[in-house]
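Scroll down for the structure; my scribbles are underneath it.
The values are calculated or read from the model by the stated rules, or taken from the named source; none is laboratory data. These numbers were taken from a predicted model, which means no experiment stands behind them. Counting neighbours? That spans all protein chains shown, and the Cβs are built from the backbone with ideal geometry, glycine included.
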Amino acid sequence: MGTSHEGFISGDDYIRITRSADYKFELGDTVFTEDLNFTISTSDMATAVVNKNICTVKTNSKNKLGSFILSVEYNGVIYEKEIKIISLWKEV
């Protein structure tokens, strides 16, 4: 969860390797009209495509398991979410 109790990044805490998942920055009833600036702490593990407050994260195909931090800054506050990359066959 982020540094403020009002806003947060929603979505699973994991993504399977070579797959993608959507993450959404939510802040009450705020309507986002412009793309937010999402960043990934370790760019060799995943890539991000942003559409307003939704970030689609695609994991790599280089068999890199581990975790990274997805973050977004809004009105000077940084919100973060740790995401783990897991194998295709791991049970959750």
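Total residues in region 60-77 satisfying the condition of being among the hydroxyl-bearing types (Ser, Thr, Tyr), surrounded by 12 or more Cβ atoms within 10 Å (Cβ to Cβ) and over 11 Å from Thr42 (Cα atoms): the figure is 2. The set of residues from region 41-67 being farther than 13 Å from Gly11 by Cβ, free of Cβ contacts under 8 Å to residues at least 40 places away in the same chain and not charged (D, E, K, R) comprises Ser41, Thr42, Ser43, Thr47, Val49, Val50, Asn51, Gly66, Ser67. The set of residues from region 1-20 being touching a Gly at 6+ places or on another chain (Cβ under 9 Å) and without any contact (Cβ under 8 Å) to a residue 40 or more places away in the chain comprises just one member, Glu6. Checking Glu34, Glu82, Glu91 one by one, the residue that is without any contact (Cβ under 8 Å) to a residue 24 or more places away in the chain, under 13 Å from Tyr14 (Cα atoms) and either in contact with an Asp or Glu (Cβ under 6 Å, 6 or more places away or on another chain) or of a type in the set (Asp, Glu) (or both) is Glu91 and no other. Counting only strands (runs of 3 or more DSSP E) that sit wholly inside region 12-92, those with at least 3 residues that are of a type outside the set (Val, Ile, Thr) are 20-27, 46-51, 66-74, 77-86. Scoring Glu26 on the criteria (1) modelled with pLDDT of 95 or more; (2) of a type in the set (Asp, Glu); (3) out of contact with any Ser or Thr (no Cβ under 9 Å at 6 or more places or on another chain) leaves a single failure, condition (3).
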